[in-house]
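K.L.:
Handing you this structure, nothing more for now.
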Amino acid sequence: MQIRTNDGQVMYEAEFRAYTKANGGPTWVTTTTEVLEALGADVVFEGPQATGGTVYQYSQSAGVEKVGDKWYTKYVLGPVFTNGETTAAAQEVAYKAMKDAEQAASIRNSRTQKLADSDWTQIADSTADKAAWATYRQELRNITAQAGFPWIIEWPVAPV
């Protein structure tokens, strides 16, 4: 559970207990809304995760916000880039390139495993339909040429 103090700090319950003790406050057995109210603090309820965005974005915590008379965690789509040593735009380009490379590596690893799993079909004494399996294996090799690569992949279906 997160707790918001009357001076705006947000912390977890164990931190709040230590903070209260370090500042000469009381100790208590069970944290209830009544205890928090007496200490000038509020429970921070879990807010809704941010949704939507692109393959490059995820829901990330952005502090807390008051809705009505309760405090909730606030989430935004991230990452959030800010100007600093490099511009926010340059940071975003670099981040997207990194994520594209990670995704491409993941897809290539999956493809390599599928090829390895079907190696047996190409040995001389295999009873597999060599032509069908050869076509499947070539389709696997062509994955990187698909229009949506590396984010949208249409995997070929292995022959039976």
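Values quoted throughout were computed directly from the atomic coordinates according to the rules given, and no laboratory measurement underlies them. Remember, it's a predicted structure, so these values are computed and weren't measured experimentally. Cβ atoms come from the backbone with ideal geometry, glycine included; neighbour counts cover every protein chain shown.
K.L.:
Hey, if you drop one equal point scatterer on each alpha-carbon of the chain and run the Debye formula without solvent, what base-10 log of I(q)/I(0) do you get at q = 0.13, 0.15 Å⁻¹?
P.N.:
Taken in order of the listed q values, log10 I(q)/I(0) reads -0.80, -0.90.
K.L.:
Normalised by the empirical 2.2 N^0.38 Å for globular proteins, what value does the Cα Rg of the range 101-160 take?
P.N.:
1.19
K.L.:
With a cut-off of at most 16 other beta carbons within 10 Å, and DSSP calling the residue loop, which GluC sites (Glu not before Pro) in the range 25-94 qualify? Please list them.
P.N.:
46, 85
K.L.:
Using a 7 Å offset from Cα along Cα-Cβ at residue 62, what residues in the range 31-56 end up with backbone N under 13 Å from the label point?
P.N.:
48-53
K.L.:
Once amide H atoms are built 1.01 Å from N in the peptide plane, which residues 5 or more positions from residue 2, or in another chain, come under 5 Å H to H?
P.N.:
Those qualifying (amide H under 5 Å, at least 5 residues apart or on another chain) are 44.
K.L.:
Under the Karplus relation 6.51 cos²θ - 1.76 cosθ + 1.60, θ = phi - 60°, what is the ordered set of whole-Hz ³J(HN,Hα) values for the range 2-19, x standing for Gly and Pro?
P.N.:
9, 10, 10, 7, 5, 9, x, 6, 10, 8, 7, 4, 4, 5, 5, 4, 5, 4
K.L.:
Taking the simple approach of a point 7 Å from Cα along Cα-to-Cβ for both residue 55 and residue 103, what is their distance in nm?
P.N.:
In this crude spin-label approximation the distance works out to 0.2 nm.
K.L.:
Calculated from DSSP H runs of 4 or more alone, at -39500 (n - 2.57) each and per residue, what is the 222 nm mean residue ellipticity of the chain, nearest 500?
P.N.:
-12000 deg cm²/dmol
K.L.:
Report the one residue of 51, 78, 23 whose Cα lies farthest in the direction of the positive end of the charge dipole of the range 2-78 (charges on C-beta: Lys and Arg +1, Asp and Glu -1; origin at the Cα centre).
P.N.:
Farthest along the dipole direction, towards plus: 78.
K.L.:
Which aspartates and glutamates have a Cα less than 20 Å from the Cα of residue 114, not counting those fewer than 8 places away in the same chain?
P.N.:
Straight-line reach from residue 114, under 20 Å: 102, 129, 139, 154.
K.L.:
If the elastic network links every pair of Cα atoms under 10 Å, which of 60, 49, 138 fluctuates the most in the Gaussian network model of the chain?
P.N.:
Highest fluctuation of the listed residues: 138.
K.L.:
Could you work out how far the C-alpha centroid of the range 1-17 sits from that of the range 83-105, in angstrom?
P.N.:
Centre-to-centre distance over Cα atoms comes out at 34 Å.
K.L.:
Now for a different question. Out of the chymotrypsin sites (Phe, Trp or Tyr not before Pro) in the range 55-90, which ones are loop residues according to DSSP with at most 14 other C-beta atoms within 10 Å?
P.N.:
When the chymotrypsin sites (Phe, Trp or Tyr not before Pro) of the range 55-90 are filtered for loop state and at most 14 Cβ neighbours within 10 Å, nothing remains.
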